[in-house]
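The values are calculated or read from the model by the stated rules, or taken from the named source; none is laboratory data. Since this is a predicted model, take the numbers as computed values, not measurements. Using ideal geometry, Cβ is built from the backbone for each residue, glycine included, and neighbour counts are taken over all protein chains shown.
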Amino acid sequence: MVHIARTHFAEVARMSEIPDGGTRQVEVDGTLIGLFRAGPKVYAIGDVCTHQEAYLTEGEWETEDLEVECPLHGSRFDVCTGAVRILPATKPAVAYEVKLEDDVIFVGPPIKRV
């Protein structure tokens with residue numbers, strides 16, 4: 001099966017729908033993505049924990065540390081990069097580009113890892 005990388009930005013939500021410090025799960029092209037709001041910024045990572053299936057948007061979201069804790073086993077992920085900060089997860093979550101235009105949130109392609 002060939003996967004074609006998504007290159008477009010999709011409108012997914014409005015800032016006014018997500019309170020500061022809030023989260024929201026959205027679906028883009030069949031992929032569940034978690035939105036995490038910290039003040040005027042929104043971050044987007046894959047919403048399913050890479051360790052076991054649990055929604056990260058249902059976990060503890062730390063706006064000061066910009067990390068979310070999986071509600072199942074406590075793995076912690078950096079919402080800017082998707083990097084694992086605390087085990088048991090070892091595989092990073094996919095982080096996505098985010099654009100804000102007025103009140104509208106757009107999620108774009110995955111951020112390339114260096």
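Contact annotation: residue pairs with Cβ atoms under 6 Å, 6 or more positions apart or on different chains, pairing a residue in region 86-114 that is hydroxyl-bearing (Ser, Thr, Tyr) with a partner that is part of a strand (DSSP E or B), are Tyr96/Ala44; Tyr96/Val107; Tyr96/Pro110. Out of Glu67, Glu60, one residue alone is without any contact (Cβ under 8 Å) to a residue 12 or more places away in the chain and over 21 Å from Ala10 (Cβ atoms). It is Glu60. Among residues of region 20-44 that are within 11 Å of Ile105 (Cβ to Cβ), those with a beta-carbon under 8 Å from a residue that is at pLDDT 95 or above and among the acidic types (Asp, Glu) at least six positions away or on a different chain give the pairs Arg24/Glu17; Ile33/Glu27; Ile33/Asp47; Arg37/Asp20; Ala44/Glu97.
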